[in-house]
Structures are given as structure tokens and as C-alpha cells.
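Below: one structure, written as C-alpha cells.
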Amino acid sequence: MSRKTRYSIEHRVQACEDYRNGTHSLEEICTALGTTRKRTIMEWSKKFEKYGILAFQEKLNNKSYT
């Protein structure tokens with residue numbers, strides 16, 4: 001199983017803005033990011049609309065289980 005690709009906050013925000021503004025199609029954004037999962041971009045967009053840039057800030061707690 002391959003590892004999940006990590007995208008920078010800047011890439012996520014730009015992808016969301018491009019998707020929301022209609023600057024680029026969903027397929028163009030996926031191609032630019034090197035992914036085939038359109039759902040990921042749509043989920044990012046929903047979170048970005050609701051929480052803004054805070055949606056992509058790294059969480060400091062619960063990184064591991066005890």
C-alpha cells in the first residue's frame with residue numbers, strides 16, 4: 001500500500017480557490033496536484049468554505065494512541 005501524499009497548505013488553498021471560482025476544472029486541478037481523487041478536492045473545498053485556512057492547519061493533539 002502506498003503512502004498518502006501530503007500537500008502544502010498553499011496548494012490546498014489554491015486548489016480550493018480555483019475550484020470555487022471556476023478558474024480551473026476539477027480534472028485540471030487533480031492533474032496539477034498529481035491525484036485522481038476528485039472527491040479529495042471537493043472535501044477540501046467544503047472544509048475551506050466552512051473554516052477557512054484553519055481547516056488545513058495541523059492539529060497538535062491526538063497524533064497517536066496510548
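The values are calculated or read from the model by the stated rules, or taken from the named source; none is laboratory data. Source: prediction; values computed, not measured. All Cβ positions, even for glycine, are placed from backbone atoms using ideal geometry, and neighbour counts span all protein chains on display. Side chains included, ligands, DNA and RNA excluded: accessible areas come from the protein's heavy atoms. Shrake-Rupley method; radii C 1.70, N 1.55, O 1.52, S 1.80 Å.
Go through segment 31-55 and report how many residues are open to solvent by 100 Å² or more (accessible area, probe 1.4 Å), farther than 10 Å from Cys16 by Cα and part of a helix (DSSP H, G or I).
To start, the set of residues in segment 31-55 that are open to solvent by 100 Å² or more (accessible area, probe 1.4 Å) comprises 31, 36-37, 39, 46-47, 49-51, 54.
Those left that are additionally farther than 10 Å from Cys16 by Cα: 31, 36-37, 39, 50-51, 54.
Adding the requirement that they be part of a helix (DSSP H, G or I) leaves 31, 39, 50-51, 54.
So the count comes out to 5.
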Looking only at segment 1-33, filter to residues that are out of contact with any helix residue (DSSP H, G or I) (no Cβ under 6 Å at 6 or more places or on another chain) and among the small types (Gly, Ala, Ser); which one of those is modelled with the lowest pLDDT? Ser2
Residues in segment 1-30 that are without any contact (Cβ under 8 Å) to a residue 24 or more places away in the chain, in a loop (DSSP other than H, G, I, E, B) and surrounded by fewer than 13 Cβ atoms within 10 Å (Cβ to Cβ): how many? 9
